[in-house]
1. Consider a paramagnetic label point 7 Å from the Cα of Thr128 along Cα→Cβ; state which residues of the stretch 170-205 have an amide N under 13 Å from it.
2. In whole percent, what relative contact order does the stretch 176-254 give with Cα contacts below 8 Å and a gap of six or more residues?
3. Remind me, what semi-axes does the stretch 187-338 give for its equivalent ellipsoid, largest first in whole Å, using sqrt of 5 times each Cα gyration tensor eigenvalue?
4. Under unit Cβ charges (Lys, Arg +1; Asp, Glu -1), what dipole magnitude, rounded to 20 debye, does the stretch 193-286 have relative to its Cα centre?
5. Quick check: the distance between the Cα centres of the stretch 270-296 and the stretch 134-191, to the nearest angstrom?
6. Taking loop as defined by DSSP and a crowding limit of 10 other beta carbons within 10 Å, which trypsin sites (Lys or Arg not before Pro) in the stretch 243-338 fit?
7. Taking the simple approach of a point 7 Å from Cα along Cα-to-Cβ for both Arg93 and Glu157, what is their distance in nm?
8. Compute the convex hull volume of the Cα atoms of the stretch 93-240, divide it by the residue count, and report the result per residue in Å³ as a whole number.
Amino acid sequence: MPSGKSTPAKKAAATKAAATNVAAKKAAAKKAGAASKKASAKKAAAVKKAPAAKKVTVAPKKATARVKGTAPAKAVVHPPGDESRTALVRRARRINRELAEVYPYAHPELDFDNSFQLVVATVLSAQTTDLRVNQTTPALFAKYPTPEDLAAANPEEVEEILRPCGFFRAKTKSVIGLSKALVEDFGGEVPGRLEDLVKLPGVGRKTAFVVLGNAFGRPGITVDTHFQRLVRRWQWTGETDPDKIEAAIGALFPKSDWTDLSHHVIWHGRRICHARKPACGACPIAPLCPAFGEGETDPEKAKKLLKYEKGGFPGQRLRPPQAYLDAGGRPAPPLGAG
């Protein structure tokens, strides 16, 4: 009969099995620990490689510097990446309303007494400042006051007058050419239709809309370099072609706003929202601008970047409107006055 007591052989087998089981558990634990360390190392490496979050500059809830008589926007309205069409229209129109309060006296910054002087001055303003044109045209119009006079002018004499404007030979050809066209095709009168104006030498859509809006009271959008820069900064459009910009912005506003809108945007671009160093800290529409922070945000430093009348300097016109003078603007100096 078998005995109930364990034999030495059975005890040895049990001891060996127990030892094997303990060794297996230790090996499994060691393997799990190694895998955990490896996973932790990978996670740490991933965190180390991850780029630092870009610091975002947020516009103040209220404008940091006010222009006299202007109430700044009261809330930050940065557009989201998926801004709806309705939200875009509302934001764009709000910016225009704010600018209308900042520049209630905004006007074309070329000196002119009639539509002929305006179309000539606008052609001359290409690739130079309105100030330089205003300093040059008094002598031109004193000698050639009508299209008939300029059409019959000696090109060399006109070139000498226009030399300060730059590209004076090409500009002389344009202004004499457009004067001849006015005499021959329009009875010496500047036409009041876009399709006629763009047929004149040197006159494109931008020039035509300046003339239509400011000499004839017919709405138009003037897409100059300032206008292009600002509407892209404000994310009103991503277009770069002037004609496409004109169409895109025109669709955001009623036609009756187009001419004044052009003045507001261009004035803001010349005085505050500069190409290289925008004065963000002195901008009354900073809370509405998605590009806030591209320029100087410190109010005191930004104030030093202001140009024209708000920075203590004269505007572009030698003979500005009375409303501009009443608002503290100063006439520009004549040619040669420094």
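The values are calculated or read from the model by the stated rules, or taken from the named source; none is laboratory data. Nothing here was measured: the structure is a model prediction, and the numbers come from that model. Note that each Cβ is placed from the backbone with ideal geometry, even for glycine, and that neighbours are counted across all protein chains shown. In case anyone asks, the SASA skips ligands and DNA or RNA and just uses the protein heavy atoms, side chains included. Shrake-Rupley method; radii C 1.70, N 1.55, O 1.52, S 1.80 Å.
1. Residues 170-175 qualify, since their backbone N sits under 13 Å from the label point.
2. On the way: 62 pairs, mean separation 13.5, N = 79.
Computed over the stretch 176-254, the figure is 17 percent.
3. Values: eigenvalues 161, 99, 33 Å².
In descending order the semi-axes read 28, 22, 13 Å.
4. Working: 14 positive and 9 negative charges, 73 e Å.
Dipole about the Cα centre, nearest 20: 360 debye.
5. 38
6. Details: sites: Lys244, Lys255, Arg270, Arg271, Arg276, Lys301, Lys303, Lys304, Lys307, Lys310, Arg317; in loops: Arg276, Lys304, Lys307, Arg317.
Sparse-neighbourhood loop trypsin sites (Lys or Arg not before Pro): Arg276.
7. Each label point lies 7 Å from its Cα, and together they span 5.4 nm.
8. 118
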